[in-house]
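What follows is one structure encoded as structure tokens, with my remarks underneath.
The values are calculated or read from the model by the stated rules, or taken from the named source; none is laboratory data. Everything quoted here is computed from the prediction, not taken from an experiment. Positions of Cβ are backbone-derived with ideal geometry, glycine not excepted, and every protein chain shown enters the neighbour counts. All accessible areas refer to the heavy atoms of the entire protein, side chains included, with ligands and DNA or RNA removed. Shrake-Rupley method; radii C 1.70, N 1.55, O 1.52, S 1.80 Å.
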Amino acid sequence: TGIVAFAELLPYVLASALGGPWIDRLDARRVSVVGAILSAGFVVAVPLLHERVGYAGVVALVAVVGVFRGFGDTSKRALFPRVVGSSGMDMTRGAALQDGLARLATLLGAPAGGLLIAAFDAPTVLVVDATTFVVSGIVVALAVPVTRAAAAAREPYLRALRAGAAFLTRDHLVAGLILMVFCTNLLDAAYTSVLAPLWATEHGTSTLLGALFATFGIGAVLGNVVFTAIAPRAPRFALYSLGFLVGGAPRFAALAFADVWVIVAVSFTAGLAMAAINPILGAAMYERIPADMMARVQGLAVAVAWAGMPLGALVGGWLAGSAGLRWTLMVLGAVYLLVTLAPLTHPMWRRLDDRPAAPDQGPAAPDQRPAAPDDRPAAPDQRPAAAGEVPAPPDEGPA
């Protein structure tokens, strides 16, 4: 199972990182629809062909699914600011709705999958899964308007890829966000894939692990509802900083020292506090990245942010095996605290509160690009006219 999961994740990350220039050139809407249809075809091939192709064939099919999912998801990230802008919705509220629905789908999807497998069988559920890709492609095809690709997106592939990487290094706030999420994703992966399961095993029941993750998910969904309501007026810097401080290191400390009920309560509070992080990350990225570079920059950002996850599982397992569970929780919790103090160390982070011009000015023409990051006000207390976490990025901690 681990090999199959890795076989999907690695091509997904590579397609996200390297596919951006092609997506910008071909148009994100078209790539999203085609990617969804092709993903559906290869997902449904698993239950249809698994007895003929064997284990190696299943791994190969899943790897192809990872490629098309990487293209499709990167395309949707590139489409998202266009859709929000055309609707007139505040960007922070739009990102909050996106994140809340994703969290709710994750919270409901796992038990729904288990119930469907129990009622039918795994191959049948994969057919249902393939159907959802088709529905996704139809929704994008019908609901997202067609626009012509920007001329700048037709530059040579390597030059376009370098331009996306250059933007990430030039915009210090975006670079700081991505590096911070890389670190927190690494630590969160160690927590969710190694340390929390070890803790549940030591207590002799997997029910505790389910309760731990379920309470975090419930808290995150409830917190998202509240944040969505206040998003246009929310102080983004304060909520981002506080969310990580409350939702990060305390989970490690509670697992190391507290009783079960305290751990569950801390997990719920962490979900509540971290609910604003992904929408704030997403809104900041969408507002600062030029429209004609959206796919390549978002793809590179997601690849960097997600790169910490497999590394986190390895680090957590090695430390827990060498030093024991409690010491590992204390060490990684202390590192998490240091990482999440970063926004308090430099005024650059306060630019999270910068918002674009008021929406009644209308969306920019297709050939107009937002001002470069260097053109933005230098002082953290200066803002443009008031109009709001991913890449998206992932806090989402892990998405």
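Net length available on complete extension from Phe120 to Ala165 is 11.6 nm, with 0.36 nm assigned per residue and the Cα-Cα distance removed. One compactness figure for the range 4-128 is 1.20, namely its Cα radius of gyration divided by 2.2 N^0.38 Å. For the range 273-281, backbone phi angles converted through the Karplus equation (6.51, -1.76, 1.60; θ = phi - 60°) give residue-by-residue couplings of 6, 8, 4, 7, 5, 4, x, 5, 4 Hz, Gly and Pro being listed as x.
Across all Cα atoms of the chain, the radius of gyration (one decimal) and Dmax (whole number) stand at 21.1, 64 Å. Charge dipole (Cα centre; +1 on Lys/Arg Cβ, -1 on Asp/Glu Cβ; no other charges) of the chain amounts to roughly 660 debye. Taking the average, over residues, of other Cβ atoms within 10 Å as the packing measure, peptides 296-302, 61-67, 161-167 rank 296-302, 61-67, 161-167 from highest down.
Solvent-accessible surface of the chain, taken per residue with a 1.4 Å probe and all protein chains present: 46 Å².
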